Amino acid sequence: MWKRSHSVALGLLAGLSLLLLSLPEELAARFKVAFGALYLPLLGLAGAAHQAAQETAGLMVSRRELLRQNEQLRRENAQLRLETLQAAEWARENARLRRLLGWQEQSPWRDRLRLARVTLREPTPWWRSFTIDLGSRQGVRTGLPVLTPEGLVGRTSEVGPFHARVVLVGDANCRVSAQVLNVTGDTGLIGPAGPLDRDLVLLSYLPRTAVVRPGQAVVTSGLGGIFPKGIPIGTVVDVRPAGDGLYLEARVQLAAPLHVLEEVWVLWP
Amino acid sequence: MSWKRFGCYGRNGAEEAGEVGRRRWGRPAPQRVAAWAAWLGKEVPVLRSLQIVATLVLAWLAVFLQAAWDGFRPILGVQPDLLPALMVHTALRTHLVNVFLLAALGGLAMDSLSANPVGVTSLPLLALGLVLHMRKELVLRDQPFAQAVLGALAGAAVPTLTVGLLLSLGHEPLVGWGSLWQGAVLAVWGAAVTPLVFRLFGALEHWFGAAPTGPGSFRPDREIRRGRV
């Protein structure tokens with residue numbers, strides 16, 4: 001039976017929901033972080049369980065397999081050292097040429113990376129995001145790029161003291177200015193593809209005259225001020241006219257495997 | 001000494017006993033018994049508290065598992081949600097206060113672990129709970145088929161209402177033709193899980209609730225009749 005107290009409770013709950021929905025973004029983020037603190041004990045338990053499972057799995061690997069992996073990593077390390085030497089030489093040449101032209105020097109962003117672990121993934125099907133185990137206590141703030149050695153992942157959005165949410169490439173709240181590595185260097189805007197296309201994004205607003213072919217690489221253009229130039233995003237799958245023929249739209253296969261990532265790198269300013 | 005002072009009024013003394021009861025306590029015996037039972041229900045709500053706590057704890061854990069374990073998404077394309085099934089059970093089997101608590105705390109828990117604006121999940125859950133609670137007398141809530149149908153409708157309705165609310169607030173959730181598949185999966189999941197939730201809470205009531213009373217050992221043909229035979 002409906003009572004007066006039920007009407008009061010309904011009014012309070014509906015009013016609270018509407019109040020929370022109308023809060024400024026920063027206050028709403030703080031409220032979410034505060035309420036999410038209820039899950040900190042479970043996050044700690046999940047992290048400990050994950051670590052225990054990894055250690056147990058490591059104990060079950062045979063000695064031969066460990067030696068094989070060790071040798072493979074040693075070879076990769078040697079190759080990467082050689083590439084680093086060459087890259088260092090290119091960076092010095094780049095800096096020398098910039099000085100000659102009077103351009104501002106760029107600081108290499110490879111020295112500003114910090115490793116983070118993915119703790120929770122997005123439970124709803126209409127957003128693309130996950131949570132990492134770095135927060136404001138470690139110096140994380142909103143708008144920091146997040147990437148992996150394979151390519152771009154996204155940017156930080158809601159930052160708590162111990163955890164931060166990363167909005168992924170392919171989410172509507174993470175639009176990235178991208179450049180196709182073709183002759184003309186055409187630029188466009190990366191946006192979401194479809195709710196089931198987990199590894200695909202759309203590169204929209206390419207000029208009608210752009211020469212974009214499947215297989216071409218797509219990287220960040222550096223425009224917008226958030227993502228540095230040159231971070232790989234993916235490769236072109238196909239191109240088609242869009243917007244009633246006003247521009248071209250390309251589907252891009254993401255380079256970073258967003259949905260199986262366990263560790264990412266956060267780029268400090 | 002009269003046996004009446006000990007409450008024994010004889011075989012034909014029921015009317016006289018009722019009159020004495022009304023003069024002494026203001027109400028006849030059956031009404032007094034009912035009043036005592038209601039008072040006991042208020043003062044010792046063990047089962048009601050257990051239902052509230054179990055529902056909220058299960059919602060809290062379910063939301064965490066939905067975010068922490070990504071096992072279903074590569075196969076089904078969506079993470080299954082337990083909150084609609086919990087709300088169906090709460091609305092049909094428990095009090096309205098539980099509906100409000102589950103909508104508020106369950107919705108906030110989901111929003112705190114997702115990219116949703118805070119407060120957007122509570123309203124669809126509340127709407128579902130209120131509609132079901134107001135019509136619970138018309139529903140065959142003990143039948144598994146009815147539970148499955150309501151679970152399917154809830155599993156599809158809550159995400160749809162949430163997305164509608166997000167669009168009306170100016171957000172851009174990821175929707176497309178693939179959302180139909182996701183909605184179908186969530187509806188099937190709701191249909192499968194809701195009867196299990198009813199069984200789980202039925203088992204909790206059986207373990208922690210008062211045992212049903214039997215018919216007792218009183219037999220009218222064995223009653224010792226006092227007074228003149």
Criterion violated by A:S129 - all others in (1) within 13 Å of chain B (Cβ to nearest Cβ); (2) farther than 18 Å from B:F64 by Cβ satisfied: (2)
If a residue must be of a type outside the set (D, E), within 14 Å of chain A (Cβ to nearest Cβ) and closer than 29 Å to A:L18 by Cβ, how many such residues does the range B:150-209 contain? 25
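Just to be sure I understand, how many residues within the range A:1-58 are among the polar types (S, T, N, Q) and open to solvent by less than 40 Å² (accessible area, probe 1.4 Å)?
1
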Pair list, Cβ < 7 Å and 6+ apart or interchain, from the range A:214-242 residues that are over 19 Å from A:L200 (Cα atoms) to residues that are buried (at least 19 other Cβ atoms within 10 Å of the Cβ) and basic (K, R): A:I226/A:R155
Over the range B:116-149, the set of residues in a helix (DSSP H, G or I), in contact with a Ser or Thr (Cβ under 6 Å, 6 or more places away or on another chain) and within 14 Å of another protein chain (Cβ to nearest Cβ) is B:S122, B:L123, B:P124
All-but-one check, A:L134 against (1) within 11 Å of chain B (Cβ to nearest Cβ); (2) open to solvent by 10 Å² or more (accessible area, probe 1.4 Å), failing number (1)
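When you check B:A68 against the structure, is it open to solvent by 10 Å² or more (accessible area, probe 1.4 Å), within 25 Å of A:G194 (Cβ to Cβ) and of a type in the set (A, V, I, L, M, F, W, C), yes or no? Can you show your working first?
Values: open to solvent by 10 Å² or more (accessible area, probe 1.4 Å): yes; within 25 Å of A:G194 (Cβ to Cβ): no; of a type in the set (A, V, I, L, M, F, W, C): yes.
For B:A68, the condition - open to solvent by 10 Å² or more (accessible area, probe 1.4 Å), within 25 Å of A:G194 (Cβ to Cβ) and of a type in the set (A, V, I, L, M, F, W, C) - is not met.
Please go through the range B:98-108 and give me each residue that is more than 7 Å from chain A (Cβ to nearest Cβ) and either crowded, with 24+ Cβ neighbours inside 10 Å or under 15 Å from the mean Cα position of the chain (by Cα) (or both), ordered by number.
Filtering the range B:98-108 down to residues more than 7 Å from chain A (Cβ to nearest Cβ) leaves B:98-99, B:101-102, B:105-107.
Once the filter is applied, which keeps residues that are more than 7 Å from chain A (Cβ to nearest Cβ) and either crowded, with 24+ Cβ neighbours inside 10 Å or under 15 Å from the mean Cα position of the chain (by Cα) (or both), the range B:98-108 yields B:N98, B:V99, B:L101, B:L102, B:G106, B:G107.
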Looking at B:G209, B:G227, B:G119, B:G178 in this structure, which one is at pLDDT below 95 and surrounded by fewer than 13 Cβ atoms within 10 Å (Cβ to Cβ)? B:G227
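Could you list all residues from the range A:11-35 that are within 15 Å of B:V97 (Cβ to Cβ) and either at pLDDT below 80 or at the interface with another protein chain (Cβ under 7 Å from one of its Cβ atoms) (or both)? Before you say what the answer is, go through the steps one by one.
The first filter runs over the range A:11-35 and keeps only residues within 15 Å of B:V97 (Cβ to Cβ), leaving A:11-13.
A:L13 - this is the single residue of the range A:11-35 that is within 15 Å of B:V97 (Cβ to Cβ) and either at pLDDT below 80 or at the interface with another protein chain (Cβ under 7 Å from one of its Cβ atoms) (or both).
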Sort out which residues of the range A:41-68 are in contact (Cβ under 8 Å) with a residue 12 or more places away in the chain and either touching a helix residue (DSSP H, G or I) at 6+ places or on another chain (Cβ under 6 Å) or outside any helix (DSSP H, G or I) (or both), and write them in order of number. A:A46
Answer yes or no: is there a residue in the range A:139-159 that is at the interface with chain B (Cβ under 10 Å from one of its Cβ atoms) and either part of a loop (DSSP other than H, G, I, E, B) or open to solvent by less than 40 Å² (accessible area, probe 1.4 Å) (or both). yes
For the range B:181-190: of the residues being of a type in the set (A, V, I, L, M) and open to solvent by 30 Å² or more (accessible area, probe 1.4 Å), which is farthest from B:L82 (Cα to Cα)? B:A184
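The values are calculated or read from the model by the stated rules, or taken from the named source; none is laboratory data. All values derive from a computational prediction rather than experimental measurement. Backbone-built Cβ (ideal geometry, glycine too); neighbour counts: all protein chains shown. To get the accessible areas, we keep the full protein, side chains included, count just its heavy atoms, and leave off ligands, DNA and RNA. Shrake-Rupley method; radii C 1.70, N 1.55, O 1.52, S 1.80 Å.
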